[in-house]
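The structure appears below as structure tokens.
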Amino acid sequence: MEVIGKSKAHIILDSCLQDSSEYFSDHLRILKCNPYCKNIEYLAERDIYQWTFMADDPRNNPIVALFFVKQDLEFLPPESELLEQHASAGNIPIDKSRGGNLIRWSAADDIPDLNITSENTFIGTAGAEICLLHHEDQKTSVHYETSITLDFKVPFPLNMMPEVVLKFLTETVMSQIMKQATESMLCKVQSDICCTDAAIAAEGESR
């Protein structure tokens with residue numbers, strides 16, 4: 001059964017776009033802020049990262065999820081649709097004329113061969129967009145959106161439940177976990193870079 005979890009958040013940092021982009025592009029530092037990420041390994045021969053996540057399934061059984069992710073940094077020109085979308089959201093004062101930066105995490109196409117022997121270990125896909133825009137007074141507006149997909153083998157007696165119900169419950173739990181992870185990660189960012197508003201606008205959402 002394939003399940004998808006999503007999370008998104010917004011925060012304003014008291015640092016310029018260049019400094020904020022350098023911080024968020026430090027892949028290892030950012031992922032170590034996630035309480036469910038137990039290991040991050042850079043696979044230089046493929047130019048990708050391997051994440052090892054651990055969490056509990058709906059029956060409180062521990063599961064391990066492996067993700068293989070590629071990171072790219074893009075410049076967002078002033079006419080970018082993504083820049084316009086975030087700039088117009090919530091009446092946030094953005095200097096659109098200076099463009100912005102986008103850090104994109106995407107599922108890697110070329111992943112190593114793995115011999116998975118545990119029925120509680122899964123290979124999933126993960127992706128994220130971290131959009132950083134020029135805010136007023138040398139601040140940076142950061143929009144963070146991420147999603148993960150896992151294909152679970154549903155054990156007995158859960159497989160007796162209607163799949164649509166089980167999928168909804170599992171995706172709700174997964175998105176709640178991701179929301180908590182996002183909040184924890186951005187709280188760590190707050191401790192490293194001062195934030196104008198200590199409240200993090202994070203939310204999880206099921207598909």
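What follows draws every value from the coordinates through simple rules; no lab data is involved. What you see is a predicted model; the values in this text were computed from it and never measured. Cβ: placed from backbone, ideal geometry, glycine included. Neighbour counts: every protein chain shown.
A Stokes-Einstein calculation at 20 °C with viscosity 1.002 mPa s, built on the Kirkwood radius of segment 17-109 over Cα pairs, returns a diffusion coefficient of 138 µm²/s.
The loop-placed GluC sites (Glu not before Pro) in segment 1-83, going by DSSP, that have at most 14 neighbouring Cβ atoms within 10 Å of their Cβ come out as 45, 79. Remark on residue 63: its backbone amide H falls under 5 Å from those of 55, 56, 57, a criterion applied only to residues 5 or more positions apart or on other chains, H modelled at 1.01 Å from N. The trypsin sites (Lys or Arg not before Pro) found in segment 2-108 that occupy coil by DSSP, while having at most 16 further C-beta atoms within 10 Å, are 32, 46, 59.
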